[in-house]
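Q: Below are the structure tokens for one structure; questions will follow.
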Amino acid sequence: MASSYKFYFVILSIIGSLLICGPVRAQEIPLSDNSAEQQMVPGPEQHPMKLVSVDPWVIEGEVMGAVAAYVYDDVTTQRPTDYWEIYNQEGELLAASWFDGFGIRRTAVDRGIVEEKDRLEGIFVVVLDGDLM
């Protein structure tokens, strides 16, 4: 078949399928202003957890906040810590890390820290192997 006949064949096939199946409409999906950049990653699953320790977070001899370590109430894991949180001196959550249902460690950091702003935003960005997701 010549290329012009192939083109006409494709067009007639589309028109024929529309006549047989009727009009086809797609619903509009509302988009947010930065939807291409966002990806939903589930947070720590709702396991019963036990607080194991709360230790000072010390950098170069200066106390910067606290680290809280938790374990899931699950005897099948042999990890010393399943979930941890880092807080600043004001008690604001800076970062959290956990193991998901597949045993992959996930870490989320406040977006204000990631973007090097002067304040925390309360919105957490997931970091995987040092790269933002």
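Bear in mind that the values in this text are calculations on the coordinates, not laboratory data. Only a predicted model underlies this, so the values are computations on that prediction, with no experimental measurement involved. Quick reminder, even Gly has a Cβ in these numbers, built from the backbone with ideal geometry, and neighbours come from all protein chains shown.
Q: List every residue whose amide H lies under 5 Å from the amide H of GLU121, counting only residues 5 or more places away in sequence or on a different chain, with H placed 1.01 Å from N in the peptide plane.
A: ARG111, GLY112, ILE113
Q: Determine the distance separating the Cα centre of the stretch 93-118 from the Cα centre of the stretch 48-92; give it in Å without decimals.
A: 13 Å
Q: Further, regarding this structure: List every residue whose amide H lies under 5 Å from the amide H of SER53, counting only residues 5 or more places away in sequence or on a different chain, with H placed 1.01 Å from N in the peptide plane.
A: Hits under the 5 Å cutoff: ALA69.
Q: DSSP loop GluC sites (Glu not before Pro) in the stretch 63-106 with at most 10 other Cβ atoms within 10 Å of their Cβ, which ones?
A: Of the GluC sites (Glu not before Pro), the ones in loops of the stretch 63-106 whose Cβ has at most 10 other Cβ atoms within 10 Å are GLU90.
Q: For GLU92, which sequence-distant residues (separation of 5 or more, or a different chain) have an amide H within less than 5 Å of its own amide H, given hydrogens modelled in the peptide plane?
A: Those qualifying (amide H under 5 Å, at least 5 residues apart or on another chain) number zero.
Q: If you add up the charges near ALA68, with Lys and Arg at +1 and Asp and Glu at -1, over every other residue whose beta carbon is less than 9 angstrom from its beta carbon, what do you get?
A: -2
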